[in-house]
Each structure stands twice: as C-alpha cells, then as structure tokens.
Amino acid sequence: MAEEEKPETGFVKEIRKQSQDFPGWYNDVVRKAQLADNSPVAGTMIIRPYGYALWENIRDPLDGLIKETGHENWYFPALIPLSFLQKEKDHVAGFEPEFQLVTKGGGKDLEEPLVLRPTSETMIATVLRDYIQSYRDLPVLTNQWNNIFRWELRTRFFLRTREFLWQEGHTFHETAAEAEEEVAKMLDCYRRIAEEWCAIPVLTGRKSETEKFAGAQYSTAIEGMMMDGKALQMGTSHYFGENFTRAYDLTYTGRTNERQYPHSTSWGMSTRMVGAVVMAHGDDSGLQLPPRIAPVQVVIIPIFRGDAERSQIETALQQVRADLEDIRVKVDWRDERPGFKFNEWELKGVPLRIEIGPRDLAKGEATVVRRLNRAKQTIPLGELGVAIPALLEEVQGALFRRAREFREGHTVRVDSLDALVRFFETSIGFAVTAWCGREDDERTVKKRTTATTRVILSSRRPEQPCAVCGRPATVEVAWGIAY
RNA sequence: CGGGGCGUAGCGUAGCCUGGCUAACGCGCAUGCUUUGGGAGCAUGAGAUCCCGGGUUCGAAUCCCGGCGCCCCGACCA
C-alpha cells in the first residue's frame, strides 16, 4: 500500500490538506484540535473537553429554543424491551439491523432482551399511554437529552458513531394540523441553530418516501453543504400521524366522549452538528469556529522577554479583561514561543487573536488578528471593549455569507437525467430538478451518480416535467451525495 | 460478511526476508540553560511483557502453527 502523503508545507504541518484528502483532513483536524479521539471500543469516540464545550455551545441555545416553544425535558431509560420496538412494523424493520442488545443481567439470561435505545418513540409511547387520558391532557410536549446506540458499520468522528449524543423531542396532539405545525416549528428551530449559531446555511423541506424515518408519515430535514460539496443532514423533524399511537394503543377521550388516537411527532439534532461545523468552515490551517459557538472567542497572546515586560503586560491585561468580561477570553501564558501559539489557536479555530507585546504597549494598542483571513489591525487598548464584540459579530456574519456563497456557487438547476449525471461526474454540490416523486427515479439516479434526493424544496413549485423520467413533475427536489 | 494491510516506548516508524552485541530513530514527555512579534536551540534523563499462546533452535521482535485485535475498500444511517 502506498504511503500516505502528509504535506509539510504551509502553516500547519500536522494535518493533511483539505483539498487533497478531505476525509483525512477531517480526521486530523478533529484529533489535533482536540475535539475528539478514538476510544478503546471500536466505532465509539471520546469527546474531549474542547469538543464537548463546542457541543454545549450548540446544545444550550437549542435547549433554550425547545423550552421557549413550550417543551419540557424528561428522562426515559436507555434500555428498551425488545417487544416494545417490535410493535410498529416499519419502525422495527428500519432499526433492527442496528440494535445493540443486552441479553444478560446479574449473570443470568434475561427473559426478554433489552435494546439499547436507537431512538425512543416506542418507550415514550408506552409510558405516555398512562399519562394521557383526556383531550385536556393534550398536547404533551416532551424532550430529552441523551445518548443513542446504533450499530453502525462505517463510523466517523461525530458524523456516525455507535453511540452519540442528541436531543429527541416527542409530542402528542389532538389534531393533525397542530402536530404538523409542531413538526414545522421544530424544524425551524433547527434551521435557526444551524444558520444563526453555527453559520451554516441549510435547505429545508420534506424527505422523499425512501429517505423518511422508519415509521413516519413524512419526515422533514435541514440539509447543509460541506466544503467537499457533500450534503449533510443536520436535523430531522417527523410527522407520525396516528402510526405510533395506534401501534401502542395510546388513546384519549375526545371532546365528544369518543376514544381518539393522538397525532404524534418526533424531532432530533445530534452531536453530528459538531462535525458539520468542522466541515463547513474549516480550512488547511484547521478549525474555524463561528464566534457564537466558539468555546474560546478571543485568545490573548502576551509577548515579552523577562519579568519586567511580563508584569507590564499583566497590568495592562487586567483592564482589558475587565473590558471584555462578557466575551469568552483565554490568555495563553504557557511557556511556548508566540509563533507556536498562533498556529495552535488557529488550528483550534479561535475567531480572534489579540497580541500584546512591548511594541503595542508603547503605543497603548493591541494587535488584533482574525482567524478568517489573518487580517491584522491595531486597536487602542481603551477601545477593545467596544471593538471586539463588533468584530466577533462581523466574523459571525462573514462565515455565514461565505458558506452561503459556497453553496450557491455549487448548486445548479438541471432539467434532464443526462445533465444530472454529467453534473455529478464533473462537479460537486447540489443539483435541483423537477421531479415526479417516483422511487424508481431515485434508484436510477443513485445507480448512475451515487446521489440521492436530499430534500423536497418547499419554497418552489414545479413547472417543467420530471427531469429523470419526463412524467409530470409534482415537486422540486435537491439531489446531492450524502454523508 | 467478501478483498487488502498492519500489530515494536504515549504517538509515528526502522529492524523481520537472510535468527546472534545493551532492540534503533523521530515526535512527544521531564529537568536545566539560552530563547520568545508566525511551529526555538543545546545538554541531560525517563519511558518497551517487541499483540497473546504454543512450537523449532544453544539462542526468536525475526522462522513455523494457532488465536486475538485494529485499519483501509464494497451492501444500512442522526
């Protein structure tokens, strides 16, 4: 086997080039930036403090949105009796290949195997059967933050592991309309987290029949484009109708004293978002974090020789730190050379760096450098308290715009199967077509391009015939090569 | 589950074919001195059941047999 090339040029010598080996680059960045590492158990990973802090900065605002929209956090057990999973036939068919089973307890075979939760619809429907009696009990709006187990074959840091973290919301409603509104509302929360916090523009819409969640009537998703042009599903929101409540015999007494099945939904966003941030913004120097979610927003590198200069800087930094008290600031006093620190914090994606040395102090200034483009500027020390928050906002916006331009520059409209095939042979990105919705067409396209339908674009209506088969089109769909 | 590769210090590797000194090198780690505005230099030092088990041999990291583990490529998925 040929030896792997690890180019040694440029600012970062330790990671592979994004343009030459995207998966290798991704792996190197995740490990060198100390987001995560391999664990002793195949297919699972260690989330390190820097990676976990990044996750928390995504998780916390999402938790806020979930609570603002009226949901309450619960906790349900991770062990689910196998028989629970088996009651909804599409659901079990979809998830069974990925079950991780517990078959022994206390050294003895269990009467019934327990499944480590691959998702909790079945447990929650079973439990809530006892809590939902009357239409007066509805809606029930639950959420839980937990870990999920699925026996994935091909695993990758954050994107697909055999255990991962997420939130799963499960709600129960009196009417279909209310449940469908819930599905849309939560998808929009995901869109906001992706776009406003993670600076990743997303397409939103329904999934095709083949791509929908096992057991759903329909699924919706947010779909982003990574720097290699591949599509990443970053959050899903599903409408179940009465599928699960019927399968679990979950009923309530309605306003006219009749037994009714609630309409239910579920929706989830996972630690996969961390991988999305890496792949949407990173470059050859490493991570590039949007300020709103960066664990460290500003790193200060003191530059000095000798104790006298050091204490001068310490004194100056007291005021600077006070002026930046609402900002996540890290002062790096480690006994390393400044150049080493510059490179390391760029690798870790910190949006802004402040250098303060004797030359700056003499002029009452600081040198401020953006991770985005390494642009340097000097700012009077007294103005940092105003200038830094403004710069962080500017960088947040610039990252989003750059990602949006990238996506728009890699999205084309095509109107024939040949054009679709040619696009995926010669380009990367999304191709948008009119489509009739038949699964046959998806199989045809997948066979010829490996691309699949990502989302049915809700905002546009078809005018032309289906690009794949020429039949009358019913939707506009975005095709892409998915992670 | 089918095809290919690899297990030697925390990490990356050399040594193995053709058995023989105290198992070598780089990174990292520790200590000291000199350094510090884009990945520092020197010196000293610590660190290895050579994946496991068996066999061949005077002698095994090296050869033979068996096992285990991991990685990469093809069918599922937040």
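The values are calculated or read from the model by the stated rules, or taken from the named source; none is laboratory data. If you're wondering where the values come from, they're calculated on a predicted model, not measured in any experiment. Backbone-built Cβ (ideal geometry, glycine too); neighbour counts: all protein chains shown. Accessible surface is based on the protein model in full, side chains and every heavy atom, while ligands, DNA and RNA are left aside. Shrake-Rupley method; radii C 1.70, N 1.55, O 1.52, S 1.80 Å.
Tabulated results
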item: Per-residue SASA entry for A:S39, accessible area with 1.4 Å probe, Å² rounded to 10; result: 30 Å²
item: Global form of segment A:404-483, assessed from the alpha-carbon gyration tensor, a/c cut-off 1.5; result: oblate
item: Chain A, helix-only ellipticity at 222 nm - DSSP H runs n ≥ 4, -39,500 (n - 2.57), divided by all residues, nearest 500; result: -10500 deg cm²/dmol
item: Trypsin sites (Lys or Arg not before Pro) within segment A:226-316: DSSP coil, no more than 11 neighbouring Cβ in 10 Å; result: A:R255, A:R305
item: Surface share of carbon and sulfur [accessible, 1.4 angstrom probe, percent] for chain A; result: 47 percent
item: Label-reachable residues, segment A:113-136, where backbone N falls under 18 Å from a point 7 Å from A:E72's Cα toward its Cβ; result: A:124-136
item: Euclidean distance between Cα centres, segment A:176-207 to segment A:384-439, Å; result: 18 Å
item: Sparsely packed trypsin sites (Lys or Arg not before Pro) within segment A:114-174, loop by DSSP, other Cβ within 10 Å at most 13; result: A:R154
item: Gap separating the Cα centres of segment A:291-361 and segment A:148-168, nearest whole Å; result: 36 Å
item: Selected from A:T171, A:C189, A:L110, residue furthest toward positive end of dipole (segment A:108-189; charges at beta carbon); result: A:L110
item: Rounded to whole Hz, the Karplus (6.51, -1.76, 1.60) HN-Hα couplings of segment A:25-38, x for glycine and proline; result: 4, 4, 4, 4, 5, 4, 7, 6, 7, 6, 7, 7, 9, 5
item: Mean projected area in nm² (Cα convex hull; one quarter of hull surface) for segment A:149-236; result: 6.9 nm²
item: Cα-based shape type of segment A:298-394, given that a ≥ b ≥ c are square roots of the gyration tensor eigenvalues and the cut on a/c is 1.5; result: oblate
item: Solvent-accessible heavy-atom area per residue, rounded to whole Å², over segment A:126-250 at 1.4 Å; result: 35 Å²
item: Sparse-neighbourhood loop sites, GluC sites (Glu not before Pro) in segment A:207-306 - DSSP loop, at most 11 other Cβ within 10 angstrom; result: A:E258
item: Check: chain A dipole with +1 on Lys, Arg Cβ and -1 on Asp, Glu Cβ, in debye; result: 760 debye
item: Solvent exposure of segment A:298-394 as accessible area per residue, Å², 1.4 Å probe; result: 53 Å²
item: Alpha-carbon centroid distance for the pair segment A:212-237 / segment A:265-285, whole angstrom; result: 12 Å
item: Extension gain from A:Q377 to A:R438, taking 0.36 nm per residue of separation minus the Cα-Cα distance; result: 16.4 nm
item: Whether segment A:22-281 is rounded, prolate or oblate, judged on the alpha carbon gyration tensor where a/c under 1.5 counts as rounded; result: oblate
item: Hull-based mean projected area of chain A, where the convex hull spans the alpha carbons, in square nanometres; result: 28.6 nm²
